[in-house]
Amino acid sequence: MPGAILENLSGRKLSILISLLLICQVVCFLIGGFIAPPPSHAERMLATQCLDQGNNSKNWFYSRGKGSCALFREYDKTSLDHRMQANNIVFVFQFPLPKDNMTHDYSRWQQNLIGVLEPEITYQPEAEMEQRITLTLNVKLGYRNKGDSDDAWKPLAASSDEKRILDCSITHKKPGYYYNCSDIPLLELGSLHHDFYLLNIRLPVDNDKQTNQGLGHVHGLWLVAIHQNGGFTKVWVSLKTVFFPIVVAIMIWFWQRVHQLSRSPALLEYMLLFLGGALTFLNVPLEYLTLYVDMPFMVLLGDIRQGIFYAVLLSFWLVFAGEHLMIQESAEQRTLKSYWKHLSAVAVGCFSLLVFDICERGSQLVNPFYSIWVTELGTNLALSFIILAGISAGVYFIFLVYRIWEVFYNISAKRAVLPSMSSARRLHYQGVIYRFKFLMLATVLCAAMTVVGFILGQVSEGHWKWDDDHELEFTSAFFTGVYGMWNIYIFALIVLYAPSHKQWPSETDVRGNSSEEIEFSRLATDPSEISSLTSFARKTAMD
Amino acid sequence: MRGRHRQRRRPSNSNRVLLAATATCWVLALTHLHSVAANWMYLGVVGIDTTAALQHQQPADAAAEADDPELVEARAACSQPGLSAQQIAVCMQHPGNLRSVSEGARRGIQECQYQFRNERWNCTTTDEQSVFGYILERGSKETAFIYAVTSAGVVHAVTQACSSGNLTECSCDSSRHGKNTKEGWKWGGCSDNLDYGMEFARKFVDAPDLVKPDKNVKRKKAWTKRMQMNLHNNEAGRQVVDKLMRNQCRCHGISGSCELKTCWRTMPSFNEIGDMLKQKYHQAVQVPIKTPKRLRRKSKGKRLKVDKGDLVHIHRSPNYCVPDLQKGIPGTSGRVCNKTSQGPDSCDLLCCGRGYNTQVMKHKERCQCKFVWCCYVRCKTCETQIDRHTCK
């Protein structure tokens, strides 16, 4: 019977294959650690306060270049000029900032941008600020490209009535001290298609609508602009470009092998194909397109791609464990339908995360300032989806752990009767159990490495000192390492679980006991040829 | 005890430091031999000539041709009162930064006056170019504070100017990722603006104290000791800014999870820096100029440990109670004190035991205020009667 390659591969070949894969894994980690910069970079900038004398909310106010705005100075504020209105002050962010006497511009390799506001509100003893207020912002985002004139700002997004909750506290109540205020998530751009960006923010005051009533004295406004690093994108896309054809090729090879068999493909083989497909979808280097086309939906698409991959991977583990249960069931081929109860946890979790993602990131396609967390209803909705996803993740892991426990329980029960079997059968089953355990170990190791790496990344400060000249960029190394690891893991699964052409079993040839081989061949004529492990289970149950 | 003893024996102490300090700024000192040395902190009092500096706001694209008009412009911007020759040289390299230096000095002096508003020495400034006059010459705790706070002020102001895009000279320094080119920042971003602020402050503020002692200077050892003290305190001030930087992070991984987290550093307000420096002022360490052999042997095992962040001084503080016009100490008579306080502003301490006068005054105060962004406070006026105590 042609079993899986894993069962027929000699120990030497298996160890060569595994060490090759391990080397690839280490290379992936080191590429991230030594070549790639950190995944993202935060640039913190202070707003220039411009004076808008005539409430020209249609104009663009910018702080650098020809025709830059008139500055609003601190003494204008303190003078008792009651005609000065809140709308006369425009907080201007023109980014990226110039450095080394050069104008910097954004590159499309930098992919996306997140903007966070940090207000600096000074304490005034005569008029203390409320602890929590709803801040109303009037925001306008514009862009300009290289070659455009200094005033050729084009609108990208605008919102006159953007609400954010601002929590401020102060420990040392001394005049001139700043309140300790929460950050305000302002915007998320899914693509950095243009070179320069301009943000005009006003804090309108309206007594009738009660807007910005409890606001203190905003001394300064900071914007933290977080973008992906161009170098990281380049390394990441290169990895994808390498992995994509390899995984596609191995899938084609795998499916050809499966089709060469006389039987129809088994469920586990379908699952492997799905897994490869999901990984390929994740591997497609779509980022190349963003260099030419404005694709603001890339962040959402990236989330969906990762989501699909994890959903298929989690389902695969459940089915994998289920197919190796070694309990007697009907001989008919099982399909995905028989796992619907277990897989529904994965489906519910992924679906609720998808809904949340589409609500948040999908809305940001229309309005980059949108955030689901601003309104009470939105927060509750988002939280309930996330909690639902968390619950289904919990249910899933309970299922999975129970399944794996069942498999191991069955294996140890069968092991007890192993000595009573003929030597060839025993050796064979021992090897199969060993390799099954080995693969389980690999899975657990992969998952554990991901978790440990994640925790290390949270604890460490992002980079480790290797020696004086070299620093290991841990965050990037973690990302490329994990990405490479799952690619290699799935590559190994597809290779090792592909049907073997070799006459079974190669190892017993060495030991050479023909009579027992015949005996086993007689036994192994089961019509459902999933893997010899499952057939073994059914046989022993029949015994 | 040792300090007092030495001081009594050598009353010419202050003259010696005066001589040393004047020699430090030998270029400008020629015109000020009769008075005390000019100081860069003077920029914080008078500000800088805006017309000269404004021209530098625009970055010159054709910077490759560093020809005469630019040099002339830079020289015009840098010929400010109070700068030493070394500082002018630094300024010539970064003419645009001088405005931030002035702003930093202003912040430092303002903070000093706020922190010491209740003390016997209330950070009095003079109109002269030396700004603090005798206090800067002496080398006491107060001198240490002034050096630290103004140095921190420059770091603060330069960093802030970089962040607002006003200073185009701030360096990007993306060299950590091996690509220090124009495209470097696209590869891995720029370094924190604070790095540039610290580096520039180190170059500019430390410049006068980095010159080698002139051969003509007597008591070379004392002079170098004083310069070491200045350098140490400058650095301590800068370290405070660095230490008070807060780390803040934001998660933006898949679906906004913390799979991917980006952190940045937030600069403290200058008041916080002042607070911390004031604490350090109270714990300042006095370092003897000469360490006599006998004493050193005695104190073996418990030698004074001076931390990098500590303020150090070499002289004891002068008596701030009695006016000493020659030294520019106004004394505390006439200062308003607090009768109920237990701190340094209490009438007992501030008036140095001389007693105080009490006046009953009508006090108009703004009360029940409501602040309306952006520009005004709506208040009622309350009238109260208060007792005002002033030192005799």
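Values computed for the structure shown
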quantity	calculated
Qualifying residue in segment A:38-46 (condition: under 30 Å from A:GLY220 (Cα atoms), of a type in the set (Asp, Glu) and surrounded by 14 or more Cβ atoms within 10 Å (Cβ to Cβ))	yes
Residue match in segment A:375-397 (condition: assigned to a loop (DSSP other than H, G, I, E, B), more than 14 Å from chain B (Cβ to nearest Cβ), more than 21 Å from A:ARG305 (Cα to Cα) and touching a helix residue (DSSP H, G or I) at 6+ places or on another chain (Cβ under 8 Å))	no
Whichever residue in segment A:98-120 is among the hydrophobic types (A, V, I, L, M, F, W, C) and at pLDDT 90 or above and, among such residues, is surrounded by the most Cβ atoms within 10 Å (Cβ to Cβ)	A:LEU117
Yes/no for B:GLN80 being touching an Asp or Glu at 6+ places or on another chain (Cβ under 9 Å), open to solvent by 10 Å² or more (accessible area, probe 1.4 Å) and not assigned by TED's automatic domain parsing to the domain that holds B:HIS282	yes
Scope segment A:13-35; condition within 28 Å of A:VAL116 (Cβ to Cβ) and modelled with pLDDT of 90 or more; matching residues	A:GLY32
Any hit, segment A:122-137, residues being away from chain B (no Cβ under 14 Å), closer than 28 Å to A:TYR197 by Cα and among the basic types (Lys, Arg)	no
Any hit, segment A:168-186, residues being assigned by TED's automatic domain parsing to the domain that holds A:TYR123, over 30 Å from B:TYR114 (Cβ atoms) and either touching a residue at least 40 places away in the same chain (Cβ under 8 Å) or not in a strand (DSSP E or B) (or both)	yes
Scope segment A:426-438; condition surrounded by 14 or more Cβ atoms within 10 Å (Cβ to Cβ) and modelled with pLDDT of 75 or more; matching residues	A:ARG426, A:ILE433
Hits in segment B:236-249 (condition: out of contact with any Ser or Thr (no Cβ under 7 Å at 6 or more places or on another chain) and either open to solvent by 30 Å² or more (accessible area, probe 1.4 Å) or at the interface with chain A (Cβ under 10 Å from one of its Cβ atoms) (or both))	B:GLN239, B:ASP242, B:LYS243, B:LEU244, B:ASN247
Candidates A:GLY307, A:GLY277, filtered to the one that is in a helix (DSSP H, G or I) and within 15 Å of the chain's Cα centre (by Cα)	A:GLY307
Within segment A:246-264, tally of residues that are part of a helix (DSSP H, G or I) and in contact (Cβ under 8 Å) with a residue 12 or more places away in the chain	11
Options B:THR143, B:THR124, B:THR150: the member that is in a loop (DSSP other than H, G, I, E, B), hydroxyl-bearing (Ser, Thr, Tyr) and either in contact with a helix residue (DSSP H, G or I) (Cβ under 7 Å, 6 or more places away or on another chain) or within 25 Å of B:ILE329 (Cβ to Cβ) (or both)	B:THR124
Unique residue being outside any loop (DSSP other than H, G, I, E, B), among the hydroxyl-bearing types (Ser, Thr, Tyr) and surrounded by fewer than 14 Cβ atoms within 10 Å (Cβ to Cβ) when the list is B:THR340, B:THR358	B:THR358
Neighbours by Cβ (under 6 Å, 6+ apart or cross-chain): first from segment A:29-48, over 18 Å from B:MET267 (Cβ atoms) and within 9 Å of chain B (Cβ to nearest Cβ); second assigned to a strand (DSSP E or B) and open to solvent by 30 Å² or more (accessible area, probe 1.4 Å)	A:SER40/A:GLN228
Matching residues in segment B:250-280 - criterion: being in contact (Cβ under 8 Å) with a residue 12 or more places away in the chain, within 21 Å of B:ARG106 (Cα to Cα) and open to solvent by less than 20 Å² (accessible area, probe 1.4 Å)	B:MET267, B:PRO268, B:PHE270, B:ILE273, B:GLY274, B:LEU277
Residues being over 22 Å from A:GLY349 (Cα atoms) and open to solvent by less than 50 Å² (accessible area, probe 1.4 Å) - total across segment A:369-387	2
Subset tally (residues that are open to solvent by less than 10 Å² (accessible area, probe 1.4 Å), in a strand (DSSP E or B) and more than 7 Å from chain B (Cβ to nearest Cβ)) for segment A:203-233	6
Any hit, segment B:290-298, residues being among the polar types (S, T, N, Q) and modelled with pLDDT of 85 or more	no
Filter result (under 17 Å from A:GLU118 (Cα atoms) and either modelled with pLDDT of 90 or more or among the basic types (Lys, Arg) (or both)) within segment A:139-165	A:VAL139, A:LYS163, A:ARG164
Some residue of segment A:60-72 being assigned to a strand (DSSP E or B), surrounded by fewer than 21 Cβ atoms within 10 Å (Cβ to Cβ) and more than 9 Å from chain B (Cβ to nearest Cβ)	yes
Set A:SER169, A:SER191: member being loosely packed, with under 15 Cβ neighbours inside 10 Å and more than 11 Å from every other protein chain (Cβ to nearest Cβ)	A:SER169
Within segment B:368-392, tally of residues that are at the interface with another protein chain (Cβ under 9 Å from one of its Cβ atoms) and open to solvent by 20 Å² or more (accessible area, probe 1.4 Å)	7
Segment A:295-313 residues that are within 12 Å of another protein chain (Cβ to nearest Cβ), paired with ones that are in a helix (DSSP H, G or I) and basic (Lys, Arg) (beta carbon under 6 Å, 6 or more apart)	A:VAL299/A:ARG361; A:LEU300/A:ARG361
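The values are calculated or read from the model by the stated rules, or taken from the named source; none is laboratory data. In this text, all values refer to a predicted model and were calculated from it rather than measured experimentally. Cβ: placed from backbone, ideal geometry, glycine included. Neighbour counts: every protein chain shown. What goes into the accessible areas is simple: the full protein's heavy atoms, side chains included, and nothing from ligands, DNA or RNA. Shrake-Rupley method; radii C 1.70, N 1.55, O 1.52, S 1.80 Å.
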